[in-house]
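The values are calculated or read from the model by the stated rules, or taken from the named source; none is laboratory data. Keep in mind the model is a prediction, meaning the values are calculated, not measured. Neighbour counts are summed over all protein chains in view; Cβ atoms, including those assigned to glycine, are modelled from backbone coordinates with ideal geometry. To get the accessible areas, we keep the full protein, side chains included, count just its heavy atoms, and leave off ligands, DNA and RNA. Shrake-Rupley method; radii C 1.70, N 1.55, O 1.52, S 1.80 Å.
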Amino acid sequence: MVAKLIDGKAMAEKQRALLVEEVRGFEKATGRPPGIAVLRAGEDPASRIYVASKKRTAQSLGLNSWEHVLPEQVTQSELLGLIERLNGEEEVDGILVQLPLPKHLDTHAVLRAILPQKDVDGFHPMNAGSLFQGMPTLVPCTPLGVMKMLEEIGCGVAGKRAVVIGRSNIVGRPMAALLLNASASVVLCHSKSDVRAETLRADIVIAAVGVAGLVRGDWIREGAIVIDVGMNRGEGGKLCGDVAFEEVSQKAAWLTPVPGGVGPMTIAMLMHNTVQAAKLRCKR
């Protein structure tokens, strides 16, 4: 068996086409487009690239987009003051703080400062709590994108055995919650788990741990669906995922490439969340 590739670029383009119509409808109804403000502290090269990509996508969809670039040594109070100001700006529907922040800043306090209804990353404790109670509002973008990808390939997750590798608040935990809400049987693995034993029994494997090539071909049962969320630098600086692509492609039925898999869908879902946040705020 040779796995079929899950084309995240094509799926993201489909989502963007749908969003263009939603943005036009919102602007016609309210007199303005949805708007997103992105905050970046410092000059981390990866963060600069990610923010530029998000800004280009927002503008291509007709969204208002503001980028706030803060110095590496910005103080906690200065950053919180900017968030407070953006919380009060009516045309700002979504606020995103690009992570990671400089180490002297309290990331949890910064994320809690964003109004839940403007938290387009879905990281605020109130949004996380709603997700785990089965009443999601704004959902973390990468897990939401993975669910859309599974839907696009015709994978009904209800009754499936899903293994999520990695328990971060950004991907692993919300991914497990979304799958559970969709009636999958979910195993959330971490450094103390016998990961191979779990993945060998899985219908769906989602790798989100940040270790290049961790998931090998002999970890995957024949015909499984494998989603690689990892984004690592391998030999020569080449981008690679958490999955040993060549090995796993000989066992899986479906497999995401890196790059070109989950990444484009993550940005598409950020735009989706911004539009949804705008609509929800207009219903107040």
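One line per residue, one yes/no per condition, for (1) open to solvent by 40 Å² or more (accessible area, probe 1.4 Å); (2) of a type outside the set (S, T, N, Q); (3) touching a helix residue (DSSP H, G or I) at 6+ places or on another chain (Cβ under 9 Å):
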residue: Val187; (1), (2), (3): no, yes, yes
residue: Lys192; (1), (2), (3): yes, yes, no
residue: Thr199; (1), (2), (3): no, no, yes
residue: Ile204; (1), (2), (3): no, yes, yes
residue: Asp218; (1), (2), (3): yes, yes, yes
residue: Gly237; (1), (2), (3): no, yes, no
residue: Val248; (1), (2), (3): no, yes, yes
residue: Pro264; (1), (2), (3): no, yes, yes
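Please count how many residues of segment 206-216 are open to solvent by 10 Å² or more (accessible area, probe 1.4 Å) and either among the aromatic types (Phe, Trp, Tyr) or in a strand (DSSP E or B) (or both).
The total comes to 0.
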### Query
For Asp228, are the conditions met, namely being open to solvent by less than 60 Å² (accessible area, probe 1.4 Å) and touching a Ser or Thr at 6+ places or on another chain (Cβ under 6 Å)?
yes
#### Entry: Scan of segment 213-267 for residues that are modelled with pLDDT under 95, more than 17 Å from Gly172 (Cβ to Cβ) and aliphatic (A, V, I, L, M), ordered by number
Leu239
### Task
Check off (1) hydrophobic (A, V, I, L, M, F, W, C); (2) touching a strand residue (DSSP E or B) at 6+ places or on another chain (Cβ under 7 Å); (3) farther than 22 Å from Pro174 by Cβ for Leu80 and give me the number that stays unchecked.
(2)
### Message
I need the full set of residues from segment 182-204 which are outside any loop (DSSP other than H, G, I, E, B) and touching a residue at least 40 places away in the same chain (Cβ under 8 Å), in order please.
### Response
Ile204
#### Entry: Out of Val92, Val74, Val69, Val97, sole residue that is of a type in the set (A, V, I, L, M, F, W, C), in contact with an Asp or Glu (Cβ under 9 Å, 6 or more places away or on another chain) and open to solvent by less than 40 Å² (accessible area, probe 1.4 Å)
Val97
### Complete set of residues in segment 100-144 that are part of a loop (DSSP other than H, G, I, E, B), open to solvent by 60 Å² or more (accessible area, probe 1.4 Å) and touching a residue at least 60 places away in the same chain (Cβ under 8 Å)
Thr137
